[in-house]
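S.K.: Supplied in structure tokens, the structure appears directly below.
No value in this document is a laboratory result; all are computed from the given coordinates. Every value quoted in this text rests on a predicted model; they were computed, and no experiment measured them. Glycine also receives a Cβ, built like all others from the backbone with ideal geometry; neighbour counts cover every protein chain displayed.
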Amino acid sequence: MKSYFRPITRRKFIKSGIAGGAIIATYPVWKLFSFSTPPSDFYVNPACNLSKETLEKLIEIALQKGGEFAEVYVEYNVGNQIYLEEDKIYGAGRGVDMGVGIRVLHGEKTGYAYSDDLSFERLKQTAEVASHIASEKTAKEHTGLKSSQIPSYYLVKVSPDNIIPQDKAKLLWKANSVGREYDKRINQVNIGFSDTNKKIIIANSEGTWVEDVQTISRLLVSINAIEGDKRSRGYAYKDGTLGYEHYDLKVAEELAKDAGRMALAMLPAEDAPAGEYPIVMAKGHCGTFFHEAIGHSLESDGIRKKTSCFWDKEGKMIASPISSLADDGTVPGARGTINVDDEGVPGQKTILINKGKCVNFIYDRLNAKLMKARLTGNGRRESYQHYPLPRMTNTYLMAGEDDPDDILKSVQKGIYIARIGGGNVSWVTGRFVFSVPEGYLIEDGQITKPLKGIQLMGSGPEVLKNIVMVGPDMEILGGGTCGKSGQGKPVSDGNPTLKVSKITIGGAKV
Ligand SMILES: [Zn+2]
């Protein structure tokens, strides 16, 4: 049994919540395993179906020292990966994990303990360990559990967990052959398919008792091209809370072509100029900017600790009047979509910035309680081994009214960001540096030469004020695994076509 007592003081909790910058992993990390066949049906045979009576008993034990709130989080998770490199299936893997995390809140303190042994005796000990965060004379009463039905925003008919690796491999082989035949300058094609299938049960002392099955799948194609001493890379992926019915040979072909197109488009790229330029962001592919440079600074832990650059900005203008930002856990099929968060609160849409004004923050239960705010369905944790933090779901700049063609035509000389890459952001100051894997020069309102080595530099709050045009064409195409305090969580992001009047480009050419 693994069971750890982790009392978290307010100070340490917030410190761990906001420490460091943000990283979005663009690519899944593959692990090597051997082939195996799927187990008995995930939906009907989770080993962790704790009864209502057991859950209520555990909550009662967790509250025995007088803690104000107790919660039981049960998880059964099956993950599959398969990938192809150098013309062969390089690896395929399957991992099953399950466990129970029990949390007790008392004032600003959190008691958290977890166990991967689901016998009642062990779970009872786990609840006892978590209960020790409080030391009151009388135990807190709890409300009996009431089962609740929640709407579903996932687009899953066929669980990818029920598809054998050999069938998934057909998608990989198709993308591999299309990618390699796309152009003779293509010298490397890597493809991966991954899916996670998680069943969670959340029960708490306020009577919440919900269950959710969360499936996330992804097909990723990465292509390298080479010509003389020039090298380039392209990639494309499809992902989301999607069932296997969303993938077929046609999808694999389209992704391979799109990755090939990007690799070849960037092959003749010239060094980007350095200096201050207007930029146009392409719809859909630049949402990571808003997630990283703005969204993290609107998470309630940093607001409460006053370490975020937006801590005192509620009700104030922080962006140009045409800019609105939302976090929305209910976008059908998107990667960050959740029917419920990991605290049992239904997924919802929260407007964070409304026409330039900061109107709300991203809350988990602890911070909402301490800040006397309404829950927003953003309490998320990586697994039963982690306590929840305020985390984004699908974050996007909302649609505006400017014509995308007019946006491009309005730029005499500037930079077109077709896709934004990884970034480094300080949530304290909002300062960022982003790489741009696909970018072009704009001359006289037209996209001309491909550019390499573009680095966007500046601060989130500054960029928000310089958004001068926003198109109506919002799309959510970005997505990855957001890292915060050592916890990875699937998220997605999006944006319409937009123009920022000036931004510093760190390029190779002065
Ligand atoms: Zn992030």
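S.K.: Could you pull out the pairs from K146/K306; K316/K452; K238/K413; K349/K465 whose alpha carbons sit more than 29 Å apart here? Walk me through the intermediate numbers first.
M.R.: Values: K146/K306 37 Å; K316/K452 38 Å; K238/K413 33 Å; K349/K465 23 Å.
Those over the limit are K146/K306; K316/K452; K238/K413.
S.K.: If contacts are Cα pairs under 8 angstrom and at least 6 residues apart, what is the relative contact order of segment 271-506 in percent?
M.R.: Once divided by the residue count of segment 271-506, the mean separation gives 31 percent.
S.K.: Which of rounded, prolate or oblate describes segment 31-268 when judged by the alpha-carbon gyration tensor and an a/c cut-off of 1.5?
M.R.: The shape class here is prolate.
S.K.: Summarise the long-distance tail of P(r) for segment 271-506 by giving the % of C-alpha pairs beyond 22 Å.
M.R.: 48 percent
S.K.: Looking at the chain, send over the antiparallel percent of its DSSP beta bridges, to the nearest 5.
M.R.: 90 percent
S.K.: Exposed loop sites here are trypsin sites (Lys or Arg not before Pro) in DSSP loop states with at most 15 other C-beta atoms within 10 Å. What is the longest stretch of the chain lacking them?
M.R.: After excluding every exposed loop site, the longest remaining stretch is 375-510.
S.K.: Less than 13 Å from a label point 7 Å out along the Cα-to-Cβ axis of K52: which backbone N atoms in segment 208-235 qualify, by residue?
M.R.: It comes to 208-210, nothing else.
S.K.: While we're here: Per residue Cα convex hull volume for the chain, in cubic angstrom?
M.R.: Spread over its residues, the Cα hull of the chain gives 137 Å³ apiece.
S.K.: Between E68 and S135, how many nm apart are label points set 7 Å from Cα along the C-beta direction?
M.R.: Using points 7 Å along Cα→Cβ, the separation is 1.9 nm.
S.K.: Here is a further query. Helix 249-266 versus the longest principal axis of the chain: what is the Cα-based angle in degrees, 0 to 90, to the nearest 10?
M.R.: In the chain, helix 249-266 runs at an angle near 50 degrees to the longest axis.
S.K.: If I take R0 = 30 Å and measure r between the Cβ atoms of K355 and A265 in this structure, what FRET efficiency does the formula 1/(1 + (r/R0)^6) give, to the nearest 0.05?
M.R.: 0.25
S.K.: Still on this structure: Based on DSSP H runs of at least 4 residues, each adding -39500 (n - 2.57), what is the mean residue ellipticity at 222 nm of the chain after dividing by all its residues, to the nearest 500 deg cm²/dmol?
M.R.: -5500 deg cm²/dmol
S.K.: Just for segment 271-506, what percent of DSSP beta bridges are antiparallel, to the closest 5? If you can, show how the numbers build up before the last one.
M.R.: Values: 51 of 59 bridges.
Antiparallel: roughly 85 percent of the beta bridges in segment 271-506.
S.K.: I've got another one for you. Please report S426, S297 as a ranked list, fewest other C-beta atoms within 10 angstrom at the top and most at the bottom.
M.R.: Arranged by neighbour count, lowest to highest, S426, S297 become S426, S297.
S.K.: Fully extended, how many nm does the chain gain between T143 and K306 (0.36 nm per residue separation, minus their Cα-Cα distance)? Intermediate results must be reported in sequence, preceding the final value.
M.R.: Details: separation 163, 0.36 × 163 = 58.68 nm, distance 3.42 nm.
In short, 55.3 nm is gained.
S.K.: Additional query: Using Cα pairs under 8 angstrom and six or more residues apart, how large is the relative contact order of the chain, in percent?
M.R.: 17 percent
S.K.: Tell me, D342, D312, D117 in order of fewest to most beta-carbon neighbours within 10 Å?
M.R.: In increasing order of surrounding Cβ atoms, one gets D312, D117, D342.
S.K.: Counting other beta carbons within 10 Å of each Cβ, put V78, V500, V468 in order, fewest first.
M.R.: In increasing order of surrounding Cβ atoms, one gets V468, V78, V500.
S.K.: Specify the angular offset, from 0 to 90 degrees and rounded to the nearest 10, of the alpha carbon long axis of helix 52-62 from the longest principal axis of the alpha carbons in the chain.
M.R.: That helix lies at roughly 80 degrees to the long axis.
S.K.: Assuming R0 = 25 Å, what is the FRET efficiency of E206 and R122, from their Cβ-Cβ distance, to the nearest 0.05?
M.R.: The value I calculate is 0.50.
S.K.: Still on this structure, I have one more. Can you pick out the pairs among K199/K369; K57/K157; K184/K449; K88/K489; K174/K283 whose Cα atoms lie more than 24 Å from each other?
M.R.: K199/K369; K57/K157; K88/K489; K174/K283
S.K.: Another question, then. Multiply the residue separation of A373 and K465 by 0.36 nm, subtract the distance between their alpha-carbon atoms, and state the gained length in nm to one decimal.
M.R.: Working: separation 92, 0.36 × 92 = 33.12 nm, distance 2.66 nm.
Using 0.36 nm per residue and subtracting the Cα-Cα distance, I get 30.5 nm.
S.K.: Could you check how many percent of all C-alpha pairs in segment 327-444 are farther apart than 21 Å? Provide the component values of the computation, followed by the final result.
M.R.: Working: 3887 of 6903 pairs.
Tail of P(r) above 21 Å: 56 percent of Cα pairs.
S.K.: What is the gain in length, in nm to one decimal, between K230 and D97 on full extension, counting 0.36 nm per residue of separation less the C-alpha to C-alpha distance?
M.R.: 43.5 nm
S.K.: From the P(r) of segment 60-139, can you give the percent of Cα pairs sitting at distances over 21 Å?
M.R.: 44 percent
S.K.: Quick one: which residues, 5 or more positions from R419 or on another chain, have an amide H under 5 Å from its amide H? H modelled 1.01 Å from N in the peptide plane, none for Pro or chain starts.
M.R.: Those qualifying (amide H under 5 Å, at least 5 residues apart or on another chain) are E438.
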